[in-house]
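Here's the structure we're looking at; comments come further down.
The values are calculated or read from the model by the stated rules, or taken from the named source; none is laboratory data. Everything quoted here is computed from the prediction, not taken from an experiment. Cβ coordinates were reconstructed from backbone atoms using ideal geometry, including for glycine residues, and neighbour counts include every protein chain displayed. Surface accessibility is based on the protein's heavy atoms, side chains included, excluding ligands, DNA and RNA. Shrake-Rupley method; radii C 1.70, N 1.55, O 1.52, S 1.80 Å.
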Amino acid sequence: MGTKGREIVGMDVEQVLKLLNRAFADEWLAYYQYWLGAKVAKGPMKEAVMAELIQHAADELRHADMVANRILQLGGTPVAAPEQWYKLTNCGYDAPEDPHVVALLKQNIKGEQCAISVYKSMMETTRDADPVTYNMALQILQDEVEHEEDLEALQEDVALMLKAR
Ligand SMILES: [Fe+2]
Ligand SMILES: [Fe+2]
């Protein structure tokens, strides 16, 4: 825990830690959803979709790392048991039970849109009070916005391909 680093937070640190642990649960669930989706994907443009999902999985894991580091800096503990992820998550988990690329893209776009709202809201809460968390949320938000756009572009290409048949 950084003593001065914690001291400069101009809001209830426990409240920030709560938000961070919820986001931490989201990132792990998003990581797993992408990771498994990339394994099972079937259908048109499968290779391109798989490559994108693998890349997003890696990004979500990196986000989990960033959030965990911030939790530790603030003297908190990243949620220790995976069973807590389901209790804390903002965005939930959509099991990739239907391996069709159209279904996977739709699920993951929904997840990204939720993640965008979560980090936008974290930025609003921390804006003046906790610039370090704010900056972390901004960095992650930039990735999530990019993720949404990547998936929507793929969704469009798949739709065009299916129409052309
Ligand atoms: Fe993420
Ligand atoms: Fe994402």
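When the charge dipole of the range 53-122 is built from unit charges on Cβ atoms (+1 for Lys and Arg, -1 for Asp and Glu) and taken about the Cα centre, the candidate among Val118, Asn108, Ala58 whose Cα reaches farthest toward its positive end is Val118. Each of Asp65 and Gln84 was given a label point 7 Å from its Cα along the Cα-to-Cβ line. The distance between the two points is 2.2 nm. Rg over Rh for the range 6-52 works out to 1.33, using Cα positions for both radii and the Kirkwood form for Rh.
The distance from the alpha carbon centre of the range 63-106 to that of the range 23-53 is 13 Å, rounded to a whole number.
Note that the range 56-66 has calculated 3J(HN,Hα) couplings of 5, 4, 4, 5, 5, 5, 5, 5, 4, 5, 4 Hz, one per residue in order, obtained from phi through the Karplus relation 6.51 cos²θ - 1.76 cosθ + 1.60 (θ = phi - 60°); glycine and proline are x. Based on the alpha-carbon gyration tensor of the range 74-122 and its eigenvalue square roots a ≥ b ≥ c, which shape applies: rounded if a/c is under 1.5, prolate if not and a/b is larger than b/c, or oblate? Oblate, since a/c reaches 1.5 and b/c is not below a/b. When the pairs Lys42/Lys106; Lys18/Lys87; Lys87/Lys120; Lys46/Lys106 are compared against a 18 Å limit on Cα-Cα distance, Lys87/Lys120 fall above it. Dipole magnitude for the range 1-148: computed about the Cα centre from +1 point charges on Lys and Arg Cβ and -1 point charges on Asp and Glu Cβ, it is near 180 debye. Sequentially through the range 129-134, phi angles give Karplus couplings (6.51, -1.76, 1.60; θ = phi - 60°) of 8, 9, x, 6, 5, 4 Hz, Gly and Pro residues having no value and appearing as x. Charge tally around Tyr31: other residues with Cβ under 11 Å, Lys/Arg +1 each, Asp/Glu -1 each, net -4. Label point of Ser121 set 7 angstrom out along Cα-Cβ; within the range 19-58, amide nitrogens under 11 Å from it belong to 19, 23.
Against the empirical 2.2 N^0.38 Å (N residues), the range 14-140 has a Cα radius of gyration ratio of 1.09. What is the sum of charges, Lys and Arg at +1 and Asp and Glu at -1, for the other residues whose Cβ falls under 13 Å from the Cβ of Ala137? Every neighbour counted, the sum reads -2. In this rough spin-label picture, where each label sits 7 Å from Cα along the Cβ direction, the Glu156-Ala129 distance is 3.9 nm.
Shown in residue order for the range 153-165 are the 3J(HN,Hα) couplings computed by the Karplus curve 6.51 cos²θ - 1.76 cosθ + 1.60 at θ = phi - 60°: 5, 5, 4, 5, 4, 4, 4, 5, 5, 5, 5, 5, 5 Hz (x for Gly and Pro). Rounded, prolate or oblate, given the Cα gyration tensor of the range 106-165, with a/c below 1.5 counting as rounded? Since a/c reaches 1.5 and a/b is larger than b/c, the shape of the range 106-165 is classed as prolate. Amide H to amide H, with H built 1.01 Å from N, Gly75 comes under 5 Å of Gly2, counting only residues 5 or more places away or on other chains. Sorting Val145, Val101 by accessible area puts them as Val145, Val101; the probe is 1.4 Å, largest comes first, and only protein heavy atoms count.
Loop-only GluC sites (Glu not before Pro) in the range 34-138, please: DSSP not H, G, I, E or B, and at most 12 other Cβ atoms within 10 Å. Passing sites in the range 34-138 are Glu97.
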